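Readers should treat all values here as calculations from the given coordinates under stated rules, not as data from a laboratory. What you see is a predicted model, and the numbers here were worked out from it, not measured in a lab. Glycine also receives a Cβ, built like all others from the backbone with ideal geometry; neighbour counts cover every protein chain displayed.
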Amino acid sequence: MIGLSFVLSGMLAAAMPFLLAALGELVAERAGVLNLGIEGMMALGAVTGFVIIFHGFGHATGFLGAGLAGAALSLLFAWLALSLRANQVAAGLAIGIFGQGLSALFGKSYESMTVAGLPKLQLPLLADLPVVGGMFTQDIVVWLGIAATLAIWAVLRMTKLGLIIRAVGENPTAARALGYPVIAVRYCAVMFGGLMAGLAGAYAATVYTPLWADGMIAGRGWIALALVVFGTWMVGRLFFGAILFGAVSLAQLAAQANGVNLNSQLLASLPYIVTIVVLGLISSNKKLLKRNGVASLGVPFDP
Amino acid sequence: MPVPLLSIRGLSKSYGAVHANRGIDLTVEKGSIHAILGENGAGKSTLMKLIYGVESPDAGQVSWQGKPVRPTSPAEARKLGIGMVFQHFSLFETLTVVENISLIVPGRTAALVTRIRDLGREYGLEVDPRAHVHSLSVGERQRVEIIRCLMTDPDLLILDEPTSVLPQQSVARLFDTLRRLRDRGVSILFISHKLEEIRAICDHATILRDGAVTGTVDPRDHDATDLATMMIGRDMPALPPATAHKPGKVALELAGLDHTPDDPFGQPLSKVALRLHQGEVLGIAGVSGNGQAELARLISGEVTLPDHRAAEVLMLGQAAGDLGAAARRALGFAFVPEERLGRGAVPEMSLADNTLLTAHRAGLVRRGMIDRAREAQFTATCIRDFDVRTPGPRTEAGALSGGNLQKFIVGREIMLAPRLLFVSQPTWGVDIGAATAIRRRLVAMRDAGAAVLIISEEIEELFEICDRVQVLNAGRLSPSMKVRDIRVEDVGRHMIGAAEGGAA
Amino acid sequence: MNLAGYRLARRDKASRKLAVVAPVVALLLSIALNFALYMAMGKNPVAVFQAMLIEPVISWPAFSEVLLKMTPLLLIAQGLAAGFRAKVINIGAEGQFILGAIFASAVPVWFPQISGLWVWPLMIVLGGIGGMLWAVVPAIWRVRLNASEILVTLMMSLIAAQLLNFLLVGPWKDPMGFNFPQSVIFPLDATLPLILPGTRVNVALAIALIWSVACWVYLQRSFQGYQLMVGGLAPQAAGYAGYSQSRAVWMSLLIGGLAAGLAGASEVAGPVGQLQRSIASGYGYSAIIVAYLGGLHPVGIVFSSLLIAILYIGGDNAMVSAGLPVAAVRVFQGSLLVCYLAAITLVRYRVIREPKGIRA
C-alpha cells in the first residue's frame, strides 16, 4: 500500500497549518473572543514568512516575522473588538479581508516563486519501522507543533494562567470582580492566536508547499475555526481533528499515486465537505457544546 | 477611643446623571456586625463596590485602620484585609470549588483542599472542595464564597444581600457563622433591606436613601417601623386586604409534569402539578435556581413539549404543551419574564417598538405592515396608564430604570387583556413605590376575573397578593396552601425541602 | 479599557447623527492610512487617489462602468443585510453568486441556438433559484443541526468554486474554445437588454434598484422585518414573543441566496456574456463590506455599493496609470471596513475623561 504509508508519513505535515492555527484560536476562544480573522492572519503570516525566507534570512527569522505579523494583525482586531467593543463577527471578517488583501499586495511580485523547505528529522529506531516509519520522519516544526500542543494542554489544564483564561471566558464580570484584568487577558489570548495563525501560514507557504501563490491558504483558516468546534474546545480532540484534516487533504495525492481515477475538483472539495458533515454531527449535540463551550464567547465585555 | 477599622468621609460616585452615592460617611468598628440598610437603588451596592475597589469614587476619603487608602482594585482591597461576598455569586460554574478558590488564594491544591475542609468545620461551612460549582445548591455556593473570602484572612467581610438567595432555615445557619466570625474579631458589613434580619444580628446600622446617609443607629433600639421610615422616608404603603373570591374555570393545569432541560446546568423538574382558576392568584414561592426559570419557560411556551405530551399543559381549555409562545398568547395568555432587558424588552429599541413585541396582535399590524400610528397610540396609553417615567415613547428601553421598565412591560401585557397572566419576579430590583403599583395592578386583574400566576422569591409579596401558594424546591412543587390558613414559616419549611435538608 | 485616562461610556440612545457621519469619517481615515501605504510603496498617492476616487466619477463613460459594477454589489448586499440584522451571518454569497451564474448559464449552454424575449428573464429567475438552493444546506444545518452558518456558508463557497471549475474544464467547456476553461458565448437573447444608450449598463441595475426598495419596505415597514431585527438584537426577546427562530434563519439565508443568485445570473448574462472562471471575482465577499458600511440599512447600502464600485473601477484605473497592484483595492476595502467599525463605536459610546488621579 503506497497510499497508506504515504498518508501516514505526510499527514502530520499536512495537519500543521490546521493544528497551529486552531490551537491559537482555541486559546482566544477559551478567553471568550471569537476571532473570525484567522484566514487573514494566516495569509499575512504566510507572505511575511515567504518573503523573509526568499531573501535568504532563513526559516527561523521567517517564522519569527510571520508570527509577529499575525500577532500585529490580531492586535488590530483586539483593539476593535475589545477596546472599541465592535461586533466581534464584523471585526473578524473585516480583519480577515484586510489581511488577505495585504497578503496579496505583498506577495504580488513573488507569484510562483519557490523557497527551499526544511530538512526532515528522524526519530531513531521508530523511523525504521515498516509502513508507519514515515510518521517519525518529520521536519522540526512538526515536532515543535506537537510539543506546543502538549504545552497548551498542560497550561490550560494545570496552571493558574489556564485557570484565569478559562475564568475570563466563562464569566468576565465575575473575573473582573475578583480583580483580574479581563480585557488585558483577552488581548493576550487574541494575540497568541494571531501569532499561531501567522506561524501556521508560514508553515503552509514555506515548508508544506514552499511556493507562493495568491490565495494559497485556501480556506484553511476557516477549517481551523471549525476544528475548535470539532474539538469542543479541548486540546486533545482538536489535535486528532487536525490530523484527520491533514489526512483528508492528502487524499487527493494518495488517490493519484494509487491510480484511482477520482474527479480532482471533487477531491479538492473533500476537506470542505468533511468540514460541513462533521460540523453538523458535532453541533447537533447541544448538550456537549453547552457543557464544554465557552459561556461568554463572542459577547463584548463592557466593564 | 480606639481607631475604627474602616472610616469613610464624604464618598461620592455618579454614573452619568445618576448620583449613586452622595457624601457618604460611615464608620465600622472592629469586631462588629454593621448593617447598611436601604431600598433597592439607594446606593448600597455602589458603596460596597467603592470600598472593595471595583469602582473608583469621584470624591471623598477612605481610611483603613486610621491610614488613608484608595483601593483601585479588588486585589488591593484583599491585600488590605477586605473580603466581599457578592449578591449574584462571582463563582465560575465550570470550575471546581478548589479551582475557584485558587483564583484568589495562592498555594498548592492539596493544601487548599485541607484548609477548605478545616474552615468548613470551624465555621459550619462544609462543602466538597473537588465538586464542580454547577452541581452545588445555592446555599452551598454561598458557603464557597464565604470560605473564599475567609481564606484571605480578612479583617472586614462585606456581604451583599446574603439572605436574599437563602431559604429561611439556612438563614439561621448563616447568622451562626457570622456570629462566630465576629467573636474571632472579624468585622462584618451586612447589606440588606430586610428589617427583621438586621435587628436580629447587627450591632450598628447605617441607613441610605437616594444615595445619601439618613441615619446611623443601633437597630436593636428601634422597631421595624422606625427603620422603615428612615429607609423610605414615609410610612410603608399597604395594599387593601385581599377579599376572598369564588374561583371560576380552570385556566392553567399542569398534571405531574416531568422535564429535563437542554441546558446541562439547568434544574430538571419532577412531577410538577398545579391548577389555577379564573379569578384567582396563585404564587410559586422558593429560591431562584430551584427550577423557576425552567418552569417559566414551559408555561410561557418558550420551551415546548413533543406532540404526544401536549395534554400535560392545559391552558385556557386546550392541550397546549406542544404550542409555541405565539400560539399560547393567541389563546389569551400573557407573560412578564424575570429578565426585563433582552427578554421582556429589546434594550436597543424604542419603547414604541417594544410595544410591538407582543402587542402586535392588538391591531398594530395590518396585512403584514406595521401601523405606526396605532403603535404610537398604544405606547402613549401604556406610558400614561402605568405611570412609566420616561422622556417619551422614542426612548430606548435600555435607558429606563428597572422599575419603570417593569411598569412598562407589565402595562403592555395587561393592556392585551389576557385571561391568564403570568408574572415572574414582579418586583425584583423595583423601588417600593413601583412595586406597590405593580401589585395593585395584579390584584385588579384578578378582581376583573383573570387568572394570575406569580413566581416570586419574596414571601411577603406572595402573602400580600396571592390566594394560594405552592413552593418550588429542587425541581419539585409542594402541594397548594391557602394563604389565609398558613404562616410564613410553613412556606419556609417547604423551601428547605428534602434535598437541602439532607445536605445541610 | 482606558488609555491615558479616557474611557468609553455607553450612550442612553444611539446617536443618529453620528451614524450618518461615521462612514464618511471611515472613508477619510482609510484614505489617510492608504496614503501612507502608497508612499511606502513608492507610488505617488495623489495620483493614485486621483485615478481611484476622482476619475471614475468625472466622466460619463467611466461612471457608467461604476454603475455596472455597482449592480451585483447592491443586489447582494441588500440581501445579506437582512440576514445580518437577524444575526444570521451568511458569508457565502460568493458561492450563491456562482450557483446563480451556473443556473442561468444552463439555458444557453444546453440550448446555444435559443432565442426569444423570455430567455433572459428565465435565466434571471433560474439564477435566483440556484442561489437559494445553495443557501438551503446552511439553513438546514443551522436549523436542524445547530451548526454555525458562518462556517457552512463559507465552505459552500469554496465547494462552489470547485464546481465551477469542474463544469468549465469538463462538461460545459466550449468545444470551439481552444481548450480555455469557459463556456460558449451566449446568444443575444440570452443577454440582458441595455438600458442606457452608449454604455454597458443593463436592466440588472433597474432590478437592483427595485430590489432595494423592496428590501427597504421589508426591513423598515413590515412586521416580518421587525421580527428579524428583534431576533438579531435580542434572541431571548424573540423567543419570549414567540417569533420563530427557524423561520428567521430560513428567510435570512433564502433572501441572501436569492440576491446573490440574481447577481450571478445578471453577471453572466450581462457584461460577461459567458460562463467563465473570472466571474467569481469576489463580489460575494465585497458585498459583506458594502452591507456593513451601509449600516445594514437599505438606503445606506445604495451609497456604500456606489463607493465600493468606484473603488473597483478606480483600482483598475490606478493599475493602468499608476502601476498600483489590484490587490491594493482589496486592502483599501478591508481598511475601510476596519475604520468604519472603529468609527461607529462613537454612535453607541461617548469618550469621557476619567477624573484625575484615578485609574481603574
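Going by C-beta contacts inside 10 Å, put C:Leu311, A:Leu125, A:Leu281 in order with the fewest on the left.
Working: C:Leu311 24, A:Leu125 9, A:Leu281 12.
Ascending number of Cβ neighbours within 10 Å: A:Leu125, A:Leu281, C:Leu311.
Describe numerically, in nm with one decimal, the distance between label points set 7 Å from Cα along Cα→Cβ at B:Asp153 and at B:Ala327.
Result: 6.4 nm between the two label points.
Could you tell me which residue out of C:Phe223, C:Val137, C:Ser281 lies farthest along the dipole of the stretch C:73-288 toward its positive end? Charges go on the beta carbon: Lys and Arg +1, Asp and Glu -1, centred on the Cα centre.
Projecting each Cα onto the dipole axis, the largest value belongs to C:Phe223.
Counting other beta carbons within 10 Å of each Cβ, put B:Met445, A:Met16 in order, fewest first.
The order, fewest Cβ neighbours first, is B:Met445, A:Met16.
From the phi angles alone, apply the Karplus equation (6.51, -1.76, 1.60; θ = phi - 60°) to the stretch C:172-186 and give each ³J(HN,Hα) in whole Hz, x where the residue is Gly or Pro.
Here the 3J(HN,Hα) series is 9, 5, 5, x, 9, x, 6, 6, 6, x, 8, 7, 4, 6, 6 Hz.
Using Cα pairs under 8 angstrom and six or more residues apart, how large is the relative contact order of chain C, in percent?
This gives 37 percent for chain C.
Straight-line reach from B:Lys271: which lysines have a Cα under 22 Å away, not including same-chain ones fewer than 8 places off?
Once the sequence-local lysines are set aside, what remains near B:Lys271 is B:Lys482.
Give me the orientation-averaged projected area of the Cα convex hull of the protein assembly as shown, in nm², one decimal.
Quarter of the Cα hull surface area: 49.4 nm².
Just report the Cα centroid separation between the stretch A:54-78 and the stretch B:290-337, whole Å.
One Cα centre to the other: 56 Å.
At what distance in angstrom do the alpha carbon centres of the stretch A:87-118 and the stretch A:174-253 lie from each other?
Taking the Cα centre of each part, the stretch A:87-118 and the stretch A:174-253 sit 15 Å apart.
Taking amide H atoms as placed 1.01 Å from N in the peptide plane, list the residues 5 or more away in sequence, or in a different chain, whose amide H sits under 5 Å from that of B:Asn473.
B:Ser478
Assuming 0.36 nm per residue, please report the length gained on full extension of the stretch C:Ser278 to C:Ser222 beyond their Cα-Cα distance.
16.4 nm
How far apart, in nm, are the 7 Å Cα→Cβ label points at C:Val320 and A:Ser109?
In this crude spin-label approximation the distance works out to 2.4 nm.
Through the Karplus equation 6.51 cos²θ - 1.76 cosθ + 1.60, θ set to phi - 60°, convert the phi angles of the stretch C:90-96 into ³J(HN,Hα) values in whole Hz; use x for Gly and Pro.
With coefficients 6.51, -1.76 and 1.60, one gets 8, 9, x, 4, 4, x, 5 Hz.
Please give the calculated 222 nm ellipticity per residue for chain C, where each DSSP H segment of at least 4 residues contributes -39500 (n - 2.57) and the sum is spread over every residue; nearest 500 deg cm²/dmol?
-22000 deg cm²/dmol
Determine which lysines satisfy two conditions relative to A:Lys108: a Cα distance under 17 Å, and not lying fewer than 8 residues away in the same chain.
Cα-Cα hits under 17 Å: C:Lys43.
For A:Thr209 and C:Arg200, FRET efficiency with R0 = 51 Å and r from the beta-carbon atoms, rounded to 0.05?
Calculated value: 0.80.
What trypsin sites (Lys or Arg not before Pro) in the stretch C:189-250 are in a loop by DSSP, with at most 16 other Cβ atoms within 10 Å of the Cβ?
C:Arg200
For the stretch B:401-441, report the convex hull volume of the alpha-carbon atoms normalised per residue, in Å³, without decimals.
58 Å³
Averaging sequence separations of C-alpha pairs under 8 Å and six or more residues apart, then dividing by the length of the stretch C:73-288, give the relative contact order as a whole percent.
Computed over the stretch C:73-288, the figure is 45 percent.
I want to check the label-to-label distance for A:Thr232 and B:Arg108. Put each point 7 Å from Cα in the C-beta direction and report it in nm to one decimal.
The answer from the label model is 3.3 nm.
Take every DSSP beta bridge whose two residues both sit in the protein assembly as shown, then give the antiparallel share in percent to the nearest 5. Walk me through the numbers before you get to the answer.
Numbers: 52 of 89 bridges.
That works out to approximately 60 percent antiparallel.
List the residues, sorted by chain then number, that are 5 or more residues from B:Val336 or on another chain and whose placed amide H is less than 5 Å from its amide H.
B:Phe422, B:Val423, B:Ser424
With the alpha-carbon atoms as the only input, what is the per residue convex hull volume for chain C in Å³?
Residue-normalised Cα hull volume stands at 169 Å³.
Sorted from largest down, give the three principal axis spans of the alpha carbons of chain B, whole angstrom values.
Computed over chain B, the largest-to-smallest principal extents equal 72, 49, 42 Å.
Just to verify a number: FRET efficiency for B:Asp447 and A:Arg291, C-beta to C-beta distance, R0 = 41 Å, to 0.05?
Values: r = 47 Å, r/R0 = 1.15.
So, using R0 = 41 Å, E works out to roughly 0.30.
Say a paramagnetic label sat at a point 7 Å from the Cα of C:Leu188, along Cα to Cβ; which residues of the stretch C:105-146 have their backbone N under 16 Å from it?
Only C:113-120 pass the distance filter.
Starting from the Kirkwood Rh over alpha-carbon pairs, what translational D in µm² s⁻¹ does chain A have by Stokes-Einstein at 20 °C and 1.002 mPa s?
110 µm²/s
Of A:Gly133, B:Ala330, A:Ile165, which is farthest towards the positive pole of the protein assembly as shown's charge dipole, taken about the Cα centre with +1 and -1 on the beta-carbons of Lys, Arg and Asp, Glu respectively?
B:Ala330
Sequence-distant or interchain residues sharing an amide H contact under 5 Å with B:Leu6, placed H: which?
Here B:Val28, B:Gln65 satisfy the definition.
Please list, short to long, the whole-number percent of alpha-carbon pairs of the stretch C:73-288 in consecutive 5 angstrom bins beginning at zero.
1, 8, 15, 19, 18, 14, 10, 7, 4, 2, 1, 0, 0
Would you mind finding the longest exposed-site-free stretch of chain C, with exposed chymotrypsin sites (Phe, Trp or Tyr not before Pro) meaning DSSP loop and at most 14 other Cβ atoms within 10 Å?
That gives C:179-360 as the longest site-free run.
For a label point 7 angstrom out from the Cα of B:Glu339 toward its Cβ, which stretches of the stretch C:216-251 have the backbone nitrogen within less than 16 Å?
Those under the cut-off are C:230-243, C:245.
Can you sort B:Ile146, A:Ile140 from fewest to most other Cβ atoms within 10 Å of each residue's own Cβ?
Ordered from fewest to most neighbouring Cβ atoms within 10 Å, B:Ile146, A:Ile140 come out as A:Ile140, B:Ile146.
Distances over 24 Å make up what percent of all Cα-Cα pairs in the stretch C:1-155?
In whole percent, the long-distance tail amounts to 62.
Of the listed pairs B:Lys44/C:Lys13; B:Lys13/B:Lys407; B:Lys407/C:Lys13; B:Lys30/B:Lys67, which have alpha-carbon separations greater than 23 Å here?
Where the Cα-Cα span goes over 23 Å, the pairs concerned are B:Lys44/C:Lys13; B:Lys13/B:Lys407.
Tell me the mean residue ellipticity at 222 nm calculated for chain B from its helices only (DSSP H runs of n ≥ 4, each -39500 (n - 2.57), averaged over every residue, nearest 500). Can you show the working numbers first?
Details: 16 runs with 172 residues, N = 504.
Using -39500 (n - 2.57) per qualifying helix, the result is -10500 deg cm²/dmol.
List, in order, the whole-Hz ³J(HN,Hα) value for each residue of the stretch A:105-121 obtained from phi through the Karplus relation with A = 6.51, B = -1.76, C = 1.60 and θ = phi - 60°; use x for Gly and Pro.
5, 5, x, 3, 8, 10, 3, 6, 7, 10, 10, 6, x, 10, x, 8, 10
Does the stretch B:186-232 come out rounded, prolate or oblate, given a ≥ b ≥ c as the square roots of the eigenvalues of its C-alpha gyration tensor, rounded meaning a/c under 1.5 and, failing that, prolate meaning a/b above b/c?
On the way: a/c = 1.71, a/b = 1.19, b/c = 1.44.
Cα axes put the stretch B:186-232 in the oblate bin.
What is the distance in Å between the Cα centroid of the stretch C:227-268 and that of the stretch B:1-67?
50 Å
I'm a student and want to see the number: the projected area of the Cα convex hull of the stretch B:1-142, averaged over all directions, in nm².
Working: hull surface 41.4 nm².
Average projection, Cα convex hull of the stretch B:1-142: 10.3 nm².
Rounded to the nearest 0.05, what FRET efficiency do C:Lys17 and B:Arg484 have when you use their Cβ-Cβ distance and R0 = 60 Å?
0.50
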